[in-house]
Amino acid sequence: MNKNILFLCGSLRAASLNALTMRAAESLLPEGYTATYFDLAEIPLYNQDLDLEDGLPAVMGLREAIRSADGVLWFTPEYNYGVPGVVKNAIDWASRPLFPQHCVVGTPMNGVVATMSATNGIRSLTDLRRYWSNIGGLSVPGPDCVIVNSYLHVSEVDGVPTLDEETQAQVRLALRVLANVIESGASEAIVANWHATVAARG
Ligand SMILES: Cc1cc2nc3c(=O)[nH]c(=O)nc-3n(C[C@H](O)[C@H](O)[C@H](O)COP(=O)(O)O)c2cc1C
């Protein structure tokens with residue numbers, strides 16, 4: 001088995017704990033899986049006037065990265081009780097063109113939220129699942145991977161992104177359950193439903 005998971009980060013800041021978690025997660029992938037990365041810093045704010053068939057290279061690159069992945073794993077903070085604009089914006093670009101089938105349709109997705117807060121973060125994860133599922137993606141419903149007090153668990157040791165043992169176990173589980181959904185064949189059913197819906201519209 002040779003499967004690929006696209007890692008996306010919802011924080012653009014250089015010292016992002018979510019970016020550190022993402023880089024550390026590569027060593028926790030299930031056997032037979034590799035990670036690819038796409039940097040969302042180059043994606044402009046969504047503008048339908050710029051959303052053309054042969055459109056912006058960064059946007060085409062994002063769509064292709066999602067389309068060619070077996071699954072997507074987001075690493076994102078929560079901003080003001082919701083998903084950061086960077087994440088929502090990327091999902092808006094990814095969701096077009098709607099027909100015949102945009103790149104999110106049937107793509108399994110899970111999320112990891114690293115937050116400085118001791119109590120928040122879950123709303124970012126539920127937003128992510130809601131947006132992804134509502135446009136035809138396949139969101140892993142749980143368990144929730146929220147790394148609270150992330151500054152205590154995520155660090156850089158001699159230049160190496162490092163998670164403590166408890167957090168490694170959390171992230172390993174998030175990867176495992178995503179892999180389970182990838183291997184379940186549920187994607188094919190979602191894609192078939194998408195096409196049935198399009199056909200029913202005439
Ligand atoms: C604009 C803004 C809003 C924030 N709102 C929340 C929030 O609603 N919930 C939360 O848990 N943390 C919130 N935080 C704190 C983030 O958890 C913290 O900045 C986190 O480390 C950001 O992730 P990063 O380290 O990957 O950049 C907010 C931070 C910013 C800058």
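Quick check: is even one residue across the range 64-77 surrounded by 12 or more Cβ atoms within 10 Å (Cβ to Cβ), away from the ligand (no atom under 16 Å from the Cβ), part of a loop (DSSP other than H, G, I, E, B) and among the β-branched types (Val, Ile, Thr)?
No, that holds for no residue.
Collect the residues in the range 143-159 that are of a type outside the set (D, E, K, R), farther than 17 Å from Ser117 by Cα and touching a residue at least 24 places away in the same chain (Cβ under 8 Å), keeping them in residue-number order.
The one that is of a type outside the set (D, E, K, R), farther than 17 Å from Ser117 by Cα and touching a residue at least 24 places away in the same chain (Cβ under 8 Å): Pro143.
Please indicate, with yes or no, whether at least one residue in the range 14-25 is surrounded by 13 or more Cβ atoms within 10 Å (Cβ to Cβ) and in a loop (DSSP other than H, G, I, E, B).
Within the range 14-25, one or more residues are surrounded by 13 or more Cβ atoms within 10 Å (Cβ to Cβ) and in a loop (DSSP other than H, G, I, E, B).
Six or more apart or on different chains, Cβ atoms under 6 Å: show the pairs whose first residue is in the range 6-30 and within 12 Å of the ligand (Cβ to nearest atom) and whose second is assigned to a loop (DSSP other than H, G, I, E, B).
Correct list of pairs: Gly10/Pro84; Ser11/Pro77; Asn18/Ser11; Asn18/Pro77.
Report, by residue number, each residue of the range 117-138 that is within 13 Å of the ligand (Cβ to nearest atom) and of a type in the set (Gly, Ala, Ser).
Ser117, Ala118, Gly121, Ser124 - these are the residues of the range 117-138 that are within 13 Å of the ligand (Cβ to nearest atom) and of a type in the set (Gly, Ala, Ser).
Please state which of the following conditions Leu125 fails to meet, knowing it meets all the rest: (1) within 13 Å of the chain's Cα centre (by Cα); (2) on the phi > 0 side of the Ramachandran plot.
Of (1) within 13 Å of the chain's Cα centre (by Cα); (2) on the phi > 0 side of the Ramachandran plot, only one is false for Leu125: (2).
Considering the range 29-38 alone, what residues qualify as being touching a strand residue (DSSP E or B) at 6+ places or on another chain (Cβ under 8 Å) and closer than 15 Å to Leu178 by Cβ?
Leu29, Gly32, Tyr33, Thr34, Ala35, Thr36
Of the residues Val160, Val148, Val171, only one is crowded, with 16+ Cβ neighbours inside 10 Å, among the β-branched types (Val, Ile, Thr) and over 19 Å from Pro30 (Cα atoms); which?
Every option except Val148 fails the conditions.
Among the residues that make up the range 33-48, is at least one of them touching a Lys or Arg at 6+ places or on another chain (Cβ under 6 Å) and more than 22 Å from Asn134 (Cα to Cα)?
yes
So that you can scan it fast, the table gives a plain yes or no per residue for (1) at negative phi; (2) within 16 Å of the ligand (Cβ to nearest atom):
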residue: Gly32; (1), (2): no, no
residue: Asn47; (1), (2): yes, no
residue: Val83; (1), (2): yes, yes
residue: Ala90; (1), (2): yes, yes
residue: Asn110; (1), (2): yes, no
residue: Thr115; (1), (2): yes, yes
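Yes or no: the range 133-142 includes at least one residue that is touching a residue at least 60 places away in the same chain (Cβ under 8 Å) and either loosely packed, with under 15 Cβ neighbours inside 10 Å or among the polar types (S, T, N, Q) (or both).
Scanning the range 133-142 turns up no residue that is touching a residue at least 60 places away in the same chain (Cβ under 8 Å) and either loosely packed, with under 15 Cβ neighbours inside 10 Å or among the polar types (S, T, N, Q) (or both).
Readers should treat all values here as calculations from the given coordinates under stated rules, not as data from a laboratory. All of these numbers come straight from a predicted model, not from anything done at the bench. Neighbour counts are summed over all protein chains in view; Cβ atoms, including those assigned to glycine, are modelled from backbone coordinates with ideal geometry.
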